[in-house]
Amino acid sequence: MANIEFNGKSYELDGDGFMLQPEEWTEELAAAIAKVDGIEELTEDHWKIIRCIRANYEEKGIAPMIRVICKTTGIKLKEIYELFTEGPARGACRIAGLPKPEGCV
């Protein structure tokens, strides 16, 4: 198990960097996780995707399918992979503070 330190607090992560306590997530923490993933600044398109993922998780308890993200945000799949080079499951969900999605390798 790993941790990320942010603003004097330690957050538990699994071995792949996904939060174990997603209710502790904040947008400020998301920016710190993004920097660890090599994203220096989150753009408005990053935030649209992150907020879509968080809203779906808070409502349904799971990450949304990629087509839901595309439809909800109006961002094309190719653009999502350009924004999150590790993909929507590994990159975007990790930054959004979700636990590791099922089927995510």
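The values are calculated or read from the model by the stated rules, or taken from the named source; none is laboratory data. Values in this document were obtained by computation on a predicted structure and should not be read as measured data. Here the Cβ is made from the backbone with ideal geometry for all residues, glycine too, and neighbour counts use every protein chain on show. These area figures cover heavy atoms from the full protein model, side chains too; ligands, DNA and RNA do not enter into them. Shrake-Rupley method; radii C 1.70, N 1.55, O 1.52, S 1.80 Å.
Residues being more than 14 Å from residue 91 (Cα to Cα) and surrounded by fewer than 18 Cβ atoms within 10 Å (Cβ to Cβ): count how many of those fall in the range 25-40. Steps first, answer last, please.
Looking only at the range 25-40, we keep the residues that are more than 14 Å from residue 91 (Cα to Cα), and these are 25-29.
Then drop every residue that is not surrounded by fewer than 18 Cβ atoms within 10 Å (Cβ to Cβ), which leaves 26-28.
Adding up the residues that qualify gives 3.
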In the range 19-47, anything among the charged types (D, E, K, R), within 11 Å of the chain's Cα centre (by Cα) and at pLDDT 95 or above is listed as 27
Listed by first then second residue, the pairs whose first member lies in the range 75-96 and is over 19 Å from residue 62 (Cβ atoms) and open to solvent by less than 40 Å² (accessible area, probe 1.4 Å), whose partner is assigned to a helix (DSSP H, G or I) and of a type in the set (Gly, Ala, Ser), with beta carbons under 9 Å and at least 6 positions apart or on separate chains, are 83/91; 83/92
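Search the range 41-61 for residues being in a helix (DSSP H, G or I) and among the hydrophobic types (A, V, I, L, M, F, W, C), and hand back the single one that is surrounded by the most Cβ atoms within 10 Å (Cβ to Cβ).
Our first condition is that a residue be in a helix (DSSP H, G or I); within the range 41-61, this holds for 44-60.
Imposing the further condition that a residue be among the hydrophobic types (A, V, I, L, M, F, W, C) reduces the set to 47, 49-50, 52-53, 55.
Details: 47: 14, 49: 27, 50: 25, 52: 22, 53: 25, 55: 13.
It comes out as 49.
Yes or no, residue by residue, for (1) within 16 Å of residue 16 (Cα to Cα); (2) part of a loop (DSSP other than H, G, I, E, B); (3) at pLDDT 95 or above:
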| site | (1), (2), (3) |
| --- | --- |
| 75 | no, yes, yes |
| 79 | no, no, yes |
| 88 | yes, no, no |
| 91 | yes, no, no |
| 97 | yes, yes, yes |
| 102 | yes, yes, no |
Checked against (1) outside any loop (DSSP other than H, G, I, E, B); (2) more than 25 Å from residue 5 (Cβ to Cβ); (3) aliphatic (A, V, I, L, M), residue 31 satisfies every condition except (2)
Considering the range 2-24, residues that are open to solvent by less than 70 Å² (accessible area, probe 1.4 Å) and part of a strand (DSSP E or B), and then whichever is nearest to residue 82 (Cα to Cα), we arrive at 19
Out of (1) assigned to a helix (DSSP H, G or I); (2) free of Cβ contacts under 8 Å to residues at least 24 places away in the same chain, the one residue 64 does not meet is (1)
